[in-house]
Every structure is written in structure tokens, then in C-alpha cells.
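Quick notes on the structure that follows.
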Amino acid sequence: MGERMALTGNDSAAYALKQINPDVVAAYPITPQTELMHKFAEYVADGEVVTEFVPVESEHSAMSAAIGASLAGARSCTATSSQGLALMWEMLYIAASCRCPIVMPVVNRALSGPINIHCDHSDGMGARDSGWIQLYCENCQESYDNTIQAIRIAEHPDVRTPVMVCLDGFILSHTLEALEVMDDGVVRQFIGDYRPAGSLLDVDHPETFGAFSLQNYYFEFKKQQVDAMAGVPAIIEEIGEQYGKLTGRSYGLLDPYRCDDADVILVGLGSTMGTAKQAADDLRADEGLKCGALKVRSFRPFPGEQLRRLLKDGAAVGILDRAISFGLGGPLFHEVRSACGGAATMLNFIYGLGGRDLSLDGIKDLFRALSEAKATGHAEPVERYVGVRE
């Protein structure tokens, strides 16, 4: 049993980083991530970690420094949001291609323009094919738990791939919640010592990093990344199970809630799924509507096979997207529809862009809309914008 604490999402990720005690953290402030690294900088200043903290001049520099530290054999981390993630763009691909096991909390925020500092998932969705693993958090407890597990996942010898731990800006990052944290020693024992695959500073065993590769080898490098990512789902589940034995909180790729007998199911990411679970309970109790919620924890790699098994035949499925794939609806919708073959009644609910609220009553209306589409067989329009003023 761990210690109960009250922490925001930012502080819970920072506390996890303190317990991880990385060798190097390079960071640059950006709303709403700023307080996360402010808190971690306090741990550095107070001598609670031995981390080399590098305050850089931009997010591009933060990722560049994290990559350099990782290739030199250091356990390295950073954090960012929104435009900061966008400024890292070219370096995201290099981190993944160089198989740097960097862990980066991403406090999800809308991308400009127009300028907006509140939550949606356009930043994380834009980076979905950069080669990074992406884990999404429902609450502050998961912000803490996922950050710790991300170290084990990223550094696994069969993975060696960077991980984003995504938490909703302001909704989680600035919300105070009670959560359970482990002792520092327990965390250190769980993650273990970092054993890098190599080091650019090891002159006795020289290696090439960042090589120039044309038609002769580039394709093979990319296929190696694909092959490594294919094995990640099983490792995420294995580490989540081990974490459950340690804490009582097990983690997988997906988190199904009352889906076994559900006639209508909402699928989504992040904090909204906590509200969806409450809406499902209320509608079952008050209206007899068999509702379920399916939270996608691992968006990359996408657990298509596991999701297909959970979305049983006959259930109407609504996919919640807090981002747009222009001309195609929402990015999560297309992942789910592709995985399921498009056989079930499916609606795409695009919501919450720029931080617009989706209330408990609003989610209940989405369940009702799904139920109506299932009953009538009328599922048009498939793509629906929730709460937008026409």
C-alpha cells in the first residue's frame, strides 16, 4: 500500500519523474505543461534528484538535447505541449529512428491557429506516425502510473522506442486529485538501472549514429522500426500486469467498462472516458439503456486486434475524437473503423476542440443518439460535431 497524496496531473507526472531520477532532463516552458517542469526543477534545486537539468532555448533544443543525452547512454526525459511538440517535429522522428528510449509527458493542448491554450488532442494526433509510443491518461493517478511504466516500456531491450505520456491540458494538468504513490525505492526497483544498448562516447566500441542512408538501406531501417513496434503491445500488457501486482492497479492496452452486454459503446481517449463511465452507469440505472465505455490507453501502437474482440457484433459504436483529420472526420474513428472492418453501426462524435466542455448530460445524449441509430438503422450523418454553433 502506497502513500495517499493530493496532486495535480502536472505534479503527479513530475513526482513520478522525481522517483525515476533520470540522468538528464532538458525542458522548455509552455502552457499548460510549464508547472510540470517547474515542479521537477524544484526537486533538482532541493537535491532530491541527481538529474542534470538543462533549461534550453526552445522545445526543438529540448528534444535535441534529450536525443544527444540518450545516445550518450543517459536515461533522458523531457515534457511539452501543443506548439512545443510541433516545434520538436523533425527531432521526434530522429528520436524514434535512433531508437532513443526517451519518456516525454505531453500535456495535450490545441494547436494554433487561432491561438488557444486549452485541451484537445490535435498535438498528439499530429505526431501519431512519428514512431513514438503514445499512452493516454484518464486521471491524475494514471498520469503518475503511466509515467513510471513508460520508462520500463521504452527501455525494454525489444522496444527501445520513445514514449509519450499524454494527459489532457488543464482538465488533468491543473486539477487536484487524490492518488496513491509508491515509495521512491519501490519505483527504482521496479524500473531498474538503465542499461543502454550503446553509447556514442564509448570509443572502444565505436558505432555510427544518425547515418546518411539513401535507397540502399533507408527502407530496411523503417522496417526494423515496424517490427519493433509490432512487439510492443505484448510488452505494454506484461509491464502493466507487473505494475498491477505491485500496486493493485493493472494496466493493458484498452480499458473496457461494462462492455460485455452493452448495446451501445463509446470509444475514446483521455479524461472524457471517466465521464463516459458515469454516464453509462446513470443510463443503465435510470433508463435501462445498456451502455458501455471503452477507453483506448495505447493509441500507438494501436491495439486493433484487441479492440475488435471487445467490440462484439451487434453493438452500436460511437467514437469520440478530440481532434480532426481534415476531410476524413476524426483520427480515432478511422483507426477503429479500419480495425473493425466497418461492419457495426458507427458514429463519429467530434467534440471539445479548443477546450470546449462536453458535460455528463452531453455524453448521455451521445449514448441516446447511438441507441436511436441502432434501433432505426439510420446512422447518417456518420460524422457529427458535438456542441458546435452552426
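The values are calculated or read from the model by the stated rules, or taken from the named source; none is laboratory data. Note that the structure is predicted; figures quoted are calculated from it, not measured. Cβ atoms come from the backbone with ideal geometry, glycine included; neighbour counts cover every protein chain shown.
Annotations
The rows are residues; the columns are (1) touching a Phe, Trp or Tyr at 6+ places or on another chain (Cβ under 9 Å); (2) outside any loop (DSSP other than H, G, I, E, B).
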{"residue": "190", "(1), (2)": "yes, yes"}
{"residue": "195", "(1), (2)": "no, no"}
{"residue": "198", "(1), (2)": "yes, no"}
{"residue": "214", "(1), (2)": "no, no"}
{"residue": "220", "(1), (2)": "no, yes"}
{"residue": "229", "(1), (2)": "no, yes"}
{"residue": "234", "(1), (2)": "no, yes"}
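- Hey, residue 364 surrounded by 16 or more Cβ atoms within 10 Å (Cβ to Cβ) and in contact with a strand residue (DSSP E or B) (Cβ under 8 Å, 6 or more places away or on another chain) or not: no
- Residue selected from the stretch 248-259 under the condition in contact (Cβ under 8 Å) with a residue 40 or more places away in the chain and outside any loop (DSSP other than H, G, I, E, B), by the criterion nearest to the chain's Cα centre (by Cα): 254
- Selection of the stretch 308-351 for residues being aliphatic (A, V, I, L, M) and either more than 20 Å from the chain's Cα centre (by Cα) or surrounded by fewer than 16 Cβ atoms within 10 Å (Cβ to Cβ) (or both) yields 310, 311, 315, 316, 317, 328, 343, 344, 346, 347.
- Qualifying residue in the stretch 274-286 (condition: surrounded by fewer than 21 Cβ atoms within 10 Å (Cβ to Cβ), modelled with pLDDT of 95 or more and not in a helix (DSSP H, G or I)): no
- For the stretch 97-118, the set of residues classified as crowded, with 22+ Cβ neighbours inside 10 Å and touching a Pro at 6+ places or on another chain (Cβ under 8 Å) consists of 100, 101, 102, 103, 104, 107, 109, listed by residue number.
- Test for residue 270: is it outside any helix (DSSP H, G or I), closer than 30 Å to residue 94 by Cα, of a type outside the set (A, V, I, L, M) and outside the structural domain of residue 177 (by TED's automatic domain parsing): yes
- Being of a type outside the set (Phe, Trp, Tyr), surrounded by fewer than 18 Cβ atoms within 10 Å (Cβ to Cβ) and part of a helix (DSSP H, G or I) holds for only one residue in 354, 387, and it is 354.
- Test: residue in the stretch 365-377 that is closer than 23 Å to residue 254 by Cβ, among the hydrophobic types (A, V, I, L, M, F, W, C) and either touching a helix residue (DSSP H, G or I) at 6+ places or on another chain (Cβ under 7 Å) or part of a strand (DSSP E or B) (or both): yes
- Residues in the stretch 231-271 that are closer than 30 Å to residue 365 by Cα and β-branched (Val, Ile, Thr): 264, 265, 267.
- Residue 218 fulfils the conditions (1) in contact (Cβ under 8 Å) with a residue 24 or more places away in the chain; (2) among the hydroxyl-bearing types (Ser, Thr, Tyr); (3) exposed (fewer than 14 other Cβ atoms within 10 Å of the Cβ) except for a single criterion, (1).
- Residue 262 meets the conditions (1) assigned to a helix (DSSP H, G or I); (2) surrounded by 18 or more Cβ atoms within 10 Å (Cβ to Cβ) in every case but one. The failed one is (1).
- Complete set of residues in the stretch 140-166 that are under 13 Å from residue 194 (Cβ atoms) and part of a helix (DSSP H, G or I): 151, 152, 154, 155
- Of the residues making up the stretch 287-307, just one is over 15 Å from the mean Cα position of the chain (by Cα), among the charged types (D, E, K, R) and under 18 Å from residue 231 (Cα atoms), namely 305.
- Residues that are among the polar types (S, T, N, Q) and touching a residue at least 60 places away in the same chain (Cβ under 8 Å) within the stretch 310-340 comprise just one, 325.
- Taken over the stretch 62-96, the criterion of being more than 27 Å from residue 203 (Cα to Cα) and surrounded by fewer than 18 Cβ atoms within 10 Å (Cβ to Cβ) is satisfied by 89, 90.
- Counting only residues that are more than 20 Å from residue 151 (Cα to Cα), touching a residue at least 40 places away in the same chain (Cβ under 8 Å) and among the hydrophobic types (A, V, I, L, M, F, W, C), the stretch 180-215 holds 3 of them.
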